[in-house]
1. Taking the structure as given and computing volume of the Cα convex hull per residue in Å³, which label from (1) 187; (2) 121; (3) 214 fits?
2. Of all beta bridges DSSP finds with both residues in the chain, what is the antiparallel percent, to the nearest 5?
3. Tell me which residues come under 5 Å, amide H to amide H, from G196 once H is placed; ignore anything under 5 positions away on its chain.
4. Among the GluC sites (Glu not before Pro) in region 160-254, which ones are in a DSSP loop with at most 11 other Cβ atoms within 10 Å of the Cβ? Mind listing them?
5. Given Cα pairs under 8 Å that are at least 6 residues apart, what percent is the relative contact order of the chain?
6. Longest exposed-loop-site-free stretch of the chain, with trypsin sites (Lys or Arg not before Pro), DSSP loop and at most 15 other Cβ within 10 Å?
7. What accessible surface, in Å², does a 1.4 Å probe find on C33, ignoring ligands, DNA and RNA and rounding to the nearest 10?
8. Find out how many positive minus negative residues lie around V177, taking Lys and Arg as positive, Asp and Glu as negative, among other residues whose Cβ is under 12 Å from that of V177.
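The values are calculated or read from the model by the stated rules, or taken from the named source; none is laboratory data. These numbers come from a predicted model, not from an experiment. Note: ideal-geometry Cβ built from the backbone for every residue, glycine included; neighbour counts use all protein chains shown. Calculation scope for accessible area: heavy atoms of the full protein, side chains included, ligands and nucleic acids excluded. Shrake-Rupley method; radii C 1.70, N 1.55, O 1.52, S 1.80 Å.
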Amino acid sequence: MKFSANLGFLWSELPLTDAIHAAKVAGFDAVECHWPYDTPAEDVAQALTDTGLNMLGLNTIRGDLSKGENGLNALPNRMTEARAAIDQAIEYARITSTENIHTMAGFAQGAEAHDVFCENLKYACAKAAPHGIGIVIEPLNHYDAPGYFLSTTSQAQKIITEVGAPNLKLMFDCYHVQLMEGDVTNRLTKLQSIIGHIQFASVPDRNTPDRGELSYDHIFAHLTSLGYDAPLGAEYKPNGPTPPTLGWLTKYKS
């Protein structure tokens, strides 16, 4: 198994460049992040070169944090800001050779939000394609993100089909999917052709994968049986420093 450290949660107390080095020392095969924009892209690119790790993904910005925004791309009347955020993410991903951009939908509902999201995704896919960058969309659960526009894999699948861009894929986060829909193993099988990245954490506490109601022994073995060999994203919230929580990594890498 290969694993990616999500540096939005793991080693979050460190500067991003130091966190990349820490992930390498710990034995991760790749890294991913949330919003890296406070760190110059050239510095991140150098850290990635120094460690030999790839950056698998980053997010478009959330918007106005003082208003609790969590993405702009499905918000009616915010298209100019949303596309500026897409451009920003593509430029950062280009410099850092990041593979995917999570284009965050935000808090919105209804047909107009759907149409706006699809139009912004078409824009993102077209702008990202010449650089070999993928666009991913991720359903979020309604416990952590009530009111988020994209909440289920079936909704995401319909949007991916409607947009029709070859570089638009699903980010399948086992934690969110289990909370919203369950049936994780069958959904992985059914959706494998449109999956661009997979993340994991325990359910319901979003901690290490060796606890909670999901058996990652089973899920990881199932992914292997499907021929999935890309790094899996460890996007869990450690209780304290990251290194003492990595017993699961030793287990699966040994």
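1. (2)
2. For the chain, the DSSP antiparallel bridge percentage is about 10.
3. Answer set, sorted by chain and number: L170, M171, F172.
4. Of the GluC sites (Glu not before Pro), the ones in loops of region 160-254 whose Cβ has at most 11 other Cβ atoms within 10 Å are E213.
5. Averaging sequence separation for qualifying contacts and normalising by length gives 18 percent for the chain.
6. Value returned for the longest uninterrupted segment is 3-210.
7. Solvent-accessible area, nearest 10 Å²: 10 Å².
8. My count for the surroundings of V177 gives -2.
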